[in-house]
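See below for the structure under consideration.
What follows is calculated from the coordinates using simple rules that are stated; it is not laboratory data. Remember, it's a predicted structure, so these values are computed and weren't measured experimentally. Because the Cβ atoms are built from the backbone with ideal geometry, glycine has one as well, and the counts that use them run over all protein chains shown.
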C-alpha cells in the first residue's frame, strides 16, 4: 500500500503545494486502494476513476501555472450519494432513483469542485438516509473496516468506511439524527454536523428538511474544519441558509491543538445521555476522556436536560412526517423508476413503482409519517412532537447558560454485528439516542475517537456540542481534545494503514486487543 494514502487532507494539501507529489499521483493511489479493498468494504456505489484522474491532471496544470484555487486543491474526496452530482449517478441508495444523473451539482459539491478537490465517487448509505447501519441500502451493506462482520454506522456508513479504510482522506455526509456522527464514532473517524443552516442543503435529497445538515467526515479535526471552511457559508438557493459571516474553522482547530489546554472551558456532561443501556466499555472510555479534559484545565459540570428523554420519540414523529411529504415527489411520472405493465392508470403505475422502488424501512416511515399528518391525528402526534422539540431547544439554551460545551458518548455502543437490529426497528432507532437532540435544536455537534472499548477492541467516540453558530468553539475544543489524546497515544487512532477486520492497538489507552497491529 502507498504511504501517500495515510496522509491527512491537510498534510496532502501541503505536499501538493510544495510539489512533493502531484494530484494525479494522489488520486491514483486512492483509486488503487479502492480497487484493493472495495470487494470487502463496499463503501462506494459509484467510482469515478477516469473523471477523477482527468480532474486531478487539470489541477496539476493549474498549480504549475500558479493558479491553484485553494490549499486543498488536488485532494481527493468521497461524496455521500444523497448529494446531487452533475457527472455521476445520484440514487440515495434507492432503486427508485437507480441510474439517475442530476442536471446540477449540490452547492457543497459545487464549492468543493471550485476549491479544486477531486471527487472519487459516491458513497453507500441507508436508502434515503433512513437507518443507523447502512444495512438498508438497496445495493447491499457497507462493512466496518475494523471488523467486517459489523456495521459501519448509518446512514452515512459508506463515507465513514471510505475514510477509515483509507480509500479517501475526507468525505461528505449528511446528518439528520446522527448520520455523520454515529458512523464516525463506530469507525474511529471524525464527523461534524454543523449548525443548521451553516452549510447549504441545496441539492441534498431531502429526508427531513428541518433536521438535515451536510457536513464533513475525516480522520482529524483539522481536516473536518478545512472542509467546512470550503462548503460553508450563505447560499441564496437555500431559504434556510444563514447569512452569517463565519470565522475560519481551520484556524479554530489549529488554535485548540496548539493551545493544548482547556483552562477556563466549562464542559457540561449531560446526565440524560450517559445512562442505562450504554456499553460498559463506552462509559469507561468516556469517563477517561473526561479525566483528560479535567487534567487539561476544564471545569467538568453535570448538566440536567430533562426533556432529552423525550427527544427520540419526538424525532421519530417529526422525521417520518417530513419524509412522507418529501418523498411524495418520487411518483414515477417526472423522473425515477417507472413500472408500467401497460394499460394502467397513473395511480396504478405510481403504486407499482413505489412498491418496487422503495425498500421496507422507507415504506415503514412513509406510512408512519402519513398517519401522523392525517386529519384528526396531526395535533396529537406531529403537533405534540414539535412542542417537545421546543422543550429540547430550551434545555440546550439553559445548559449553555451554565457551560461552554456539552459532551456525551457519541453512541451507546460500539459497532454491532450485521443483522442484530435490522428486524427490530425500535432497537435500531435507539442507537441515535445521544445524537438526535442536536438535530432537533439545530446546534453543531462533533464526534471524535477517544479509544477502543476493552470488550471488543472497537472504536468509541466522544460527542461535543456547542451553541448555535458557535461551530468555531466546537472545533477549538475538539482540536484540543484530539491533541491531548494524540500526545498520549503517540499517533492518531487512524494513523496506521488497516488490515481489514483487525483492530489496531493504540499505545497508552489501555485497550490494546490481542493479535498484533494493522
> So how far apart, in nm, are the two label points at residue 426 and residue 261 if each is 7 Å from Cα heading toward Cβ?
Replying inline: 5.1
> Can you give me the relative contact order of the chain as a percent, contacts being Cα pairs under 8 Å and 6 or more apart?
Replying inline: 17
>> So if each residue of separation counts as 0.36 nm, and I subtract the Cα-Cα distance between residue 239 and residue 20, what length gain in nm does that give?
In response: 74.6 nm
> Once every DSSP H run of n ≥ 4 in the chain is given -39500 (n - 2.57) and the sum is divided by its residues, what mean residue ellipticity at 222 nm do you get, rounded to the nearest 500 deg cm²/dmol?
Replying inline: -11500 deg cm²/dmol
> Rounded to the nearest 5, what % of the DSSP beta bridges within the chain are antiparallel ones?
Replying inline: 65
> Zone of residue 387 (label point 7 Å along Cα→Cβ, backbone N under 18 Å): which residues in the stretch 299-326?
Replying inline: 306-319
> For residue 487 and residue 86, FRET efficiency with R0 = 56 Å and r from the beta-carbon atoms, rounded to 0.05?
Replying inline: 0.80
>> Neighbour counts of other C-beta atoms within 10 Å: give me 421, 329, 193 arranged from fewest to most.
In response: 329, 421, 193
> Mind listing P(r) for the chain? All alpha-carbon pairs, 20 Å bins, whole percents.
Replying inline: 25, 59, 15, 0
> Nearest 0.05, what FRET efficiency do residue 276 and residue 57 give at R0 = 60 Å with Cβ-Cβ as r?
Replying inline: 0.60
> Cα gyration tensor of the stretch 320-463, axes a ≥ b ≥ c as square roots of the eigenvalues: rounded (a/c below 1.5), prolate (a/b > b/c) or oblate?
Replying inline: oblate
> Tell me, what is the FRET efficiency for residue 65 and residue 148 to the nearest 0.05, using R0 = 41 angstrom and their Cβ-Cβ distance as r?
Replying inline: 0.40
> Taking the alpha-carbon centroid of each part, what is the distance from the stretch 104-150 to the stretch 391-407 in angstrom?
Replying inline: 31
>> Which of the three applies to the stretch 311-387, rounded, prolate or oblate, going by the alpha-carbon gyration tensor with a ≥ b ≥ c and a/c under 1.5 meaning rounded?
In response: prolate
